[in-house]
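Below you'll find the structure, written out as structure tokens, and then a few comments.
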Amino acid sequence: MKKRYVIALSFLTVFWAWNSSLLAPAPKSEKVKLLSHRGVHQTFDREGLKNDTCTATRIFPPTHDLIENTPQSAAAAFAAGAHVVEIDIHPTTDGKFVVFHDWTVDCRTDGTGVTRQKSLTELKKLDIGFGYTADKGKTFPLRGKYVGGMPELSAFLAEFPEQQFLINFKSNNVEEGKAFSKLLVEFPHVQKQVFGVYGGSAPTNYVLEQTPTILGYTKPQTKQCLIQYMAYGWTGIVPQSCQNHFVAVPANFAWALWGWPNRFQQRMRDAGAQIILLGPMSLDDPGSTGIDTIEQTNLIPNRFDGYVWTNRIELIGPHLNLKS
């Protein structure tokens, strides 16, 4: 009996040591890397949010005039400490890409119709600040300030030659991935500006196959990665679905990952993966939650070498820079 006890204790000790964060080397990074979702933008009430909710009609009273997916927004995000800015793209009928969030232009602009069913010329005529209101339509404080403000992607990137962007494909159409890959071939300098791609599985996976130096992720791949790692990550084996991808980790579920944070980070580094720490995940919120309050910055591990997703770069960036 005593021998069995010793064997069991020895096994548990080895098991603990193999998966212990305490015994894993801490990352060398001393400064948090921030991924700014949408740049500096108008924040909005997330209660009852659905995928098709018009968020421009539920913004909080503006404290600035910036809106997402514009060069002004990106510039402010980088100035606030962002290392990467996330942008959304749509193809146009004349073979270009525009930087814009919504599937249709009805919510934010003075136009109507599906974004990708319009030409660049048509989209450049719109006032993309037209629909924003904080008082249920009584006033529209951004109207007239962004007439012709929907950016064409290559022109947008040209304003930030030394910065990186996470590209969000808004459809699941593989043709979108093919068009984006063609852009990377025609303009090789753009490739260094692409931090990664994500969104629709078909275009994302196409770009990743064509350009192995670019990382990315999709919801199905991320879900598979995390479930498989929780199932057998204690062995030290990193699932194929995690390798050479971004691994998006909701901060409130990170504790369930074997070896979080240091051992987990080490394993992902060795597997060619890059961690993106999201905010606390809520099943009733379909949007992208981030580390968006000062209190939530306590969820970031010490010496974290991944990227921290935030919707409030203007708040979180200065705070973390002061902390460091």
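Just one of the numbered conditions (1) out of contact with any strand residue (DSSP E or B) (no Cβ under 8 Å at 6 or more places or on another chain); (2) surrounded by 15 or more Cβ atoms within 10 Å (Cβ to Cβ); (3) closer than 21 Å to Ser154 by Cα is not true of Ser201: (3). Here are some residues: Leu277, Leu283, Leu299. Which one is among the aliphatic types (A, V, I, L, M), surrounded by fewer than 21 Cβ atoms within 10 Å (Cβ to Cβ) and modelled with pLDDT of 95 or more? Only one candidate qualifies: Leu299. Pairing each residue of region 44-69 that is farther than 19 Å from Met150 by Cα with any residue that is open to solvent by 20 Å² or more (accessible area, probe 1.4 Å) and part of a helix (DSSP H, G or I), provided the two are 6+ apart or on different chains, yields C-beta distances under 8 Å for Phe44/Arg58; Asp45/Arg58.
Between Arg46, Arg38, which is at positive phi, buried (at least 17 other Cβ atoms within 10 Å of the Cβ) and among the basic types (Lys, Arg)? Every option except Arg38 fails the conditions.
Of the helices (runs of 4 or more DSSP H) contained entirely in region 217-324, those carrying at least 3 residues that are hydrophobic (A, V, I, L, M, F, W, C) and within 30 Å of Gln72 (Cα to Cα) fall at 313-323. Scanning region 85-127 for residues that are part of a strand (DSSP E or B), touching a helix residue (DSSP H, G or I) at 6+ places or on another chain (Cβ under 9 Å) and not aromatic (Phe, Trp, Tyr) yields a total of 8. With respect to (1) under 26 Å from Ala56 (Cα atoms); (2) assigned to a loop (DSSP other than H, G, I, E, B), the lone exception for Leu166 is condition (2).
Per-residue answers, yes or no, for (1) crowded, with 17+ Cβ neighbours inside 10 Å; (2) in contact with a Gly (Cβ under 9 Å, 6 or more places away or on another chain); (3) in contact (Cβ under 8 Å) with a residue 60 or more places away in the chain:
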| site | (1), (2), (3) |
| --- | --- |
| Lys136 | no, no, yes |
| Phe140 | yes, yes, no |
| Gly144 | no, yes, no |
| Gly149 | yes, yes, yes |
| Ser154 | no, no, no |
| Phe160 | no, no, yes |
| Lys170 | yes, yes, yes |
| Val197 | yes, yes, no |
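Considered as a group, the residues in region 229-248 that are touching a residue at least 12 places away in the same chain (Cβ under 8 Å) and open to solvent by 50 Å² or more (accessible area, probe 1.4 Å) include one that is farthest from Pro212 (Cα to Cα), and that residue is Trp234. The conditions of being open to solvent by 60 Å² or more (accessible area, probe 1.4 Å) and either of a type in the set (D, E, K, R) or over 25 Å from Gln243 (Cα atoms) (or both) are met by Gln117. For Ser73, the criteria (1) open to solvent by less than 20 Å² (accessible area, probe 1.4 Å); (2) assigned to a loop (DSSP other than H, G, I, E, B); (3) hydroxyl-bearing (Ser, Thr, Tyr); (4) within 28 Å of Pro161 (Cα to Cα) hold in every case but one, which is (2). Count of region 122-134 residues, restricted to those that are open to solvent by less than 20 Å² (accessible area, probe 1.4 Å) and of a type in the set (D, E, K, R), is 1.
Of all residues in region 204-216, those being open to solvent by 20 Å² or more (accessible area, probe 1.4 Å) and either in a strand (DSSP E or B) or at pLDDT 95 or above (or both) number 6.
The values are calculated or read from the model by the stated rules, or taken from the named source; none is laboratory data. This structure is a prediction, so every number in the text was calculated from the model and none was measured. As a convention, Cβ positions derive from the backbone with ideal geometry for all residues, glycine included, and neighbour counts pool all protein chains shown. Accessible surface areas use protein heavy atoms only, side chains included; no ligands, DNA or RNA. Shrake-Rupley method; radii C 1.70, N 1.55, O 1.52, S 1.80 Å.
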